[in-house]
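The values are calculated or read from the model by the stated rules, or taken from the named source; none is laboratory data. Nothing here was measured: the structure is a model prediction, and the numbers come from that model. FYI the Cβ positions are ideal-geometry reconstructions off the backbone, even for glycines, and counts take in every protein chain you see.
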Amino acid sequence: MAGYLGNIPTPQATQTRDTFTATASQTSFATSGYTVGMLDVYLNGIKLASADFTASNGSDVVLASGASADDIVEVVSYSTFETNSGVFTGDFSVDSPTFKVDSSNNRVGIGTASPSRQAMISRSIADGSGELGIVSSDSSTTGALGNIHFGNSTDTSLASIRATADGATDAGKLEFNTEKTGGSIETAMKIDSNGYVTTPLRPYFHATGSGTQSWSGTSAYQTVQFNTVWENLGSHYDTSSYTFTVPVAGAYFFWYSFTNQTDSSTGPEAYIVYTPSGGSASYRASAISYAPYYTTVSNNAVINCAKDSTVLVKLLNNNNTSFTIGVNRSTFGGYLIG
């Protein structure tokens, strides 16, 4: 019978050994059980090759050739290693910093030996290191239920997703937070317990004028003076130049309205004027050139704006006639739509 000499493994908790004294020509031996593929068979201390026996049903081992009387057959089966209520104390590392348990601060790190969150994953990237941190609660925020933080090696709070309790009920809300230039963390989007989505940082302005504004016998473009703001989220509208400066590229909705206070058969044309940074002005949403006395003229436009471009409202008096509008009854506004 083919085989080779080998040492008998040291008995362990993962090992089960069955020993049989064979009768003449005996081939089948009923074991106490094994996992197929996880056993060794020995004949008189010699480990048999896999071709010398069959072990396929989890209980019986069948020799390819019958044993002689009084041969000793040993079957050693193995099981996977499992711990039962095992406890590790102190810090624990695996190929640090591949995996680190910080027992002093109750933190776990992957890719970092010094996790700063309850659970943190860190990976080196081109401009330093990227970090993902997870905490089950945040004492700095009332009602915080859990946080996922995104950052780098110098700042672990560049952005975060935070779940918080919505008042005293079991309802909750989800917040998406970003770090603005200068270091302050602000909520960019909220989803409340009713599913309503708000974007508190979305650029928006709404301005009005005061008194009247008049032109006398000029055909040049004149800027309408909306010098009072009702809303100016982000402070991107300038009340001295009557201009909105685009803070982030995207599609914006703009509108204007004003009142004609000149009893004339002709009047100026009104435009929303968009000027890319360093580019030429384009004129959008022209209003009608004639509006009866005390009629409101209005229009709107959607403009795909580049960052740092400007938007304002201008009038063009093609007829060189005197013209007056009531800017105290006018509005100019806009907001980012996407």
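Annotations for the structure displayed:
- Taking every residue in the stretch 109-121 that is in the same structural domain as GLY146 (by TED's automatic domain parsing) and pairing it with any residue that is in a strand (DSSP E or B) and basic (Lys, Arg), at least 6 positions away or on another chain, the pairs with Cβ-Cβ distances below 6 Å are GLY109/LYS100; GLY111/ARG123; ALA113/LYS100; PRO115/ARG107; GLN118/ARG107.
- Annotation: of all residues in the stretch 279-298 being more than 22 Å from ARG329 (Cα to Cα) and not in a loop (DSSP other than H, G, I, E, B), the one that is modelled with the lowest pLDDT is TYR283.
- Matching option when the condition is surrounded by 12 or more Cβ atoms within 10 Å (Cβ to Cβ), modelled with pLDDT under 90 and not in a loop (DSSP other than H, G, I, E, B), among SER93, SER77: SER93
- Residues of the stretch 234-262 satisfying the condition of being of a type in the set (A, V, I, L, M, F, W, C) and modelled with pLDDT of 90 or more: PHE244, VAL246, VAL248, ALA249, ALA251, PHE253, PHE254, TRP255
- Members of the stretch 199-220 that are at pLDDT 85 or above and either in a strand (DSSP E or B) or among the aromatic types (Phe, Trp, Tyr) (or both): TYR204, PHE205, HIS206, ALA207, THR208
- Filter result for SER25 (at negative phi and among the small types (Gly, Ala, Ser)): no
- Residue match in the stretch 243-263 (condition: surrounded by 15 or more Cβ atoms within 10 Å (Cβ to Cβ), in a loop (DSSP other than H, G, I, E, B) and of a type in the set (Phe, Trp, Tyr)): no
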